[in-house]
Amino acid sequence: MDTSTYEILKECNSGCRMAVNSIEQLVVYLKNQELQELFSKYKEDYEKMERESIRLSEGKLQEEKFSEKAAETFAWISAEVKMMFNDDTSKIAEMMIDGANMGIKSITEKLNRYSEAEKESISLAKKFEKTCEKQIQDMKKYL
């Protein structure tokens with residue numbers, strides 16, 4: 001596997017993992033049933049893409065999975081602190097929009113930098129990007 005393909009898959013994997021972690025942290029604060037169901041759907045979508053990134057990387061990303069615990073811990077602490085001050089639905093939607101925007105930014109940078117990557121990895125990255133964009137649209141009505 002070439003470096004370009006690996007870097008795109010690694011970014012997809014990381015973005016999906018952060019999205020799943022955020023959803024798991026925030027769903028406990030949700031009082032809105034419709035939003036809980038939406039979170040469940042997105043969690044499933046991100047988990048599927050994460051598994052696909054591992055498959056396309058021929059398992060290499062599975063080996064690295066535990067090396068990013070520090071970033072996950074920071075995200076968890078950040079979400080917990082924010083929720084202590086405001087646990088309403090609009091704040092949760094805002095946090096999900098911010099996370100999705102970060103995902104779009106990071107995957108777009110990788111797609112621009114590694115345009116010669118294998119088509120399957122580019123396709124997965126674009127799927128991740130579209131999922132983030134849809135998530136933003138879905139969250140807007142809760143602001």
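The values are calculated or read from the model by the stated rules, or taken from the named source; none is laboratory data. In this text, all values refer to a predicted model and were calculated from it rather than measured experimentally. For neighbour counting, all protein chains shown are included, and Cβ atoms are generated from backbone atoms with ideal geometry for every residue, glycine included. Accessible surface is based on the protein model in full, side chains and every heavy atom, while ligands, DNA and RNA are left aside. Shrake-Rupley method; radii C 1.70, N 1.55, O 1.52, S 1.80 Å.
What residue, of E72, E58, E133, is within 15 Å of the chain's Cα centre (by Cα) and either at pLDDT 90 or above or open to solvent by 30 Å² or more (accessible area, probe 1.4 Å) (or both)?
Exactly one of E72, E58, E133 is within 15 Å of the chain's Cα centre (by Cα) and either at pLDDT 90 or above or open to solvent by 30 Å² or more (accessible area, probe 1.4 Å) (or both), namely E133.
Considering only residues that are at pLDDT below 90 and hydrophobic (A, V, I, L, M, F, W, C), which ones fall in the range 13-38?
If the condition is that a residue be at pLDDT below 90 and hydrophobic (A, V, I, L, M, F, W, C), then M18, L26, V27, V28, L30 are the ones that fit.
Out of the range 26-66, which residues are part of a loop (DSSP other than H, G, I, E, B) and either touching a Cys at 6+ places or on another chain (Cβ under 6 Å) or under 19 Å from K10 (Cα atoms) (or both)?
At the first step, the residues of the range 26-66 found to be part of a loop (DSSP other than H, G, I, E, B) are 30-32, 57-59.
Those that are part of a loop (DSSP other than H, G, I, E, B) and either touching a Cys at 6+ places or on another chain (Cβ under 6 Å) or under 19 Å from K10 (Cα atoms) (or both): S57, E58, G59.
Tally up the residues in the range 99-130 that are crowded, with 18+ Cβ neighbours inside 10 Å and part of a loop (DSSP other than H, G, I, E, B), please.
Number of matching residues: 2.
Would the range 1-15 turn up any residue that is part of a helix (DSSP H, G or I), open to solvent by 70 Å² or more (accessible area, probe 1.4 Å) and under 18 Å from E129 (Cβ atoms)? Write out each step before concluding.
Residues of the range 1-15 that are part of a helix (DSSP H, G or I), as a first pass: 3-15.
Still in the running and open to solvent by 70 Å² or more (accessible area, probe 1.4 Å): 3.
Then keep just the ones that are under 18 Å from E129 (Cβ atoms); that gives none.
No; the residues of the range 1-15 include none that is part of a helix (DSSP H, G or I), open to solvent by 70 Å² or more (accessible area, probe 1.4 Å) and under 18 Å from E129 (Cβ atoms).
Which residues, counting only those in the range 20-42, are open to solvent by 20 Å² or more (accessible area, probe 1.4 Å) and under 9 Å from the mean Cα position of the chain (by Cα)?
Passing the criteria: N21, S22.
Evaluate the following for E133: is it free of Cβ contacts under 8 Å to residues at least 60 places away in the same chain and either assigned to a helix (DSSP H, G or I) or within 15 Å of L35 (Cβ to Cβ) (or both)?
Numbers: free of Cβ contacts under 8 Å to residues at least 60 places away in the same chain: yes; either assigned to a helix (DSSP H, G or I) or within 15 Å of L35 (Cβ to Cβ) (or both): yes.
Against the criterion (free of Cβ contacts under 8 Å to residues at least 60 places away in the same chain and either assigned to a helix (DSSP H, G or I) or within 15 Å of L35 (Cβ to Cβ) (or both)), E133 qualifies.
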